[in-house]
1. When the stretch 128-156 is examined, which residues are found to be at pLDDT below 70 and either on the phi < 0 side of the Ramachandran plot or among the hydrophobic types (A, V, I, L, M, F, W, C) (or both)?
2. Take the residues of the stretch 57-94 that are crowded, with 22+ Cβ neighbours inside 10 Å and hydroxyl-bearing (Ser, Thr, Tyr): which is farthest from Ser195 (Cα to Cα)?
3. Considering only helices (runs of 4 or more DSSP H) fully contained in the stretch 170-287, which possess at least 2 residues that are within 16 Å of the chain's Cα centre (by Cα) and more than 19 Å from Phe93 (Cα to Cα)?
4. Could you list all residues from the stretch 175-198 that are touching a His at 6+ places or on another chain (Cβ under 9 Å) and aliphatic (A, V, I, L, M)?
5. When the stretch 44-100 is examined, which residues are found to be among the charged types (D, E, K, R) and not in a helix (DSSP H, G or I)?
6. Can we say Leu43 is of a type in the set (A, V, I, L, M), under 17 Å from the mean Cα position of the chain (by Cα) and within 27 Å of Val215 (Cβ to Cβ)?
7. Would you point out which residue out of Arg168, Arg186 is among the basic types (Lys, Arg), within 30 Å of Ser62 (Cβ to Cβ) and at pLDDT 80 or above?
8. Does the stretch 80-89 contain any residue that is modelled with pLDDT of 90 or more, touching a helix residue (DSSP H, G or I) at 6+ places or on another chain (Cβ under 9 Å) and polar (S, T, N, Q)?
Amino acid sequence: MTSSTLKKPGLIGWVLIILLSIIWGASFFSVSYALEGFSPLTLSAARIVIAAICLTTFAFISGNGLPTLRTKIGLRIWLHCLGMGLLSNAIPFSLLSWGQQYVSSGFAGISMAIVPLFVLPLAITFIEEETFSIKKAIGFFVGFIGVVLLVGPITSLEHNGTTFSTARLACVLAAACYSVGSIITRLCPKVSLISFSAAALILASLVILPIALMVEGIPKTPPITSLLAIGYLGLMPTAIATIILVKIIQTAGPSFYSLVNYQVPIWAIIFGVIFLQEKLSSQFFFAFFLIIGGLFITQVKVLNTKR
């Protein structure tokens with residue numbers, strides 16, 4: 001990926017990282033409102049199509065355009081775009097939307113703290129710069145215990161024929177998809193992040209939209225709250241957040257950007273309590289702290305370097 005010279009994160013960098021975490025944190029309670037008028041696949045397709053239109057327009061206005069298809073490298077980039085579009089957009093959006101029919105938005109937000117934990121073994125396996133260490137192994141083990149506690153027992157109570165544990169597992173699988181998608185993005189040949197993201201959303205739209213129409217059909221007239229929620233999901237956490245993400249990575253670097261993973265679950269819980277009057281059991285909070293503790297153990301060197 002192309003990038004400019006990294007700078008020490010200043011006030012603008014911290015404002016952007018907090019803004020990004022708020023935008024993403026608010027996406028989970030927005031999904032709950034959107035589900036009142038849309039089915040899970042339709043919801044996912046709508047937000048991806050909106051984001052694809054917005055980000056593709058921005059890509060051409062900014063002079064980035066889309067990746068070329070005229071070279072072997074260009075073809076490889078588009079294959080990475082397809083992987084990113086499916087594993088960072090279409091599949092996890094659908095899993096989260098389906099799961100949030102049965103679990104709280106706060107729980108869905110907590111599950112996203114697992115993403116960097118899942119990235120760790122994948123990065124060690126596929127990225128040369130990443131190396132194994134006892135500290136990383138301990139951190140992964142502690143975090144994994146938190147994941148098991150988060151999902152809970154398989155024999156949990158059923159809701160409309162679907163166990164809560166299955167819905168929890170769907171959220172965890174979404175986090176796993178995001179992890180694989182991040183590795184695919186990391187291994188992509190050098191290309192503008194804006195171009196890459198726009199192409200990924202276009203391909204995700206071409207996959208998820210026909211599937212949503214075939215499986216769920218054309219939605220009936222939804223309530224205004226669901227329409228507003230869909231608009232927010234497509235415009236803010238899927239499109240504009242990508243532009244903010246690019247700005248952070250290009251100016252402060254990916255290590256500083258990783259701090260967002262610690263904040264998103266907290267905002268998701270706050271918004272769930274304020275707007276949906278949600279309550280989470282102590283089990284989920286204990287699981288969250290185990291996951292964050294595992295992440296802290298694996299990232300303590302990076303955090304000390306930044307400090």
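The values are calculated or read from the model by the stated rules, or taken from the named source; none is laboratory data. Note that this is a predicted model, so its numbers are computed, not measured. Ideal geometry is used to build each Cβ from the backbone, glycine not excepted, and the neighbour counts take in all protein chains shown.
1. Glu128, Glu129, Glu130, Phe132, Val151, Pro153, Ile154, Thr155, Ser156
2. Checking each candidate, the answer is Ser94.
3. On the way: elements: 193-216, 224-235, 241-251, 254-257, 260-276.
Once the helices (runs of 4 or more DSSP H) in the stretch 170-287 are filtered for at least 2 residues that are within 16 Å of the chain's Cα centre (by Cα) and more than 19 Å from Phe93 (Cα to Cα), what remains is 241-251, 254-257, 260-276.
4. Ile184, Leu187, Val191
5. Arg70
6. When the stated conditions are applied, Leu43 passes them.
7. Exactly one of Arg168, Arg186 is among the basic types (Lys, Arg), within 30 Å of Ser62 (Cβ to Cβ) and at pLDDT 80 or above, namely Arg186.
8. yes
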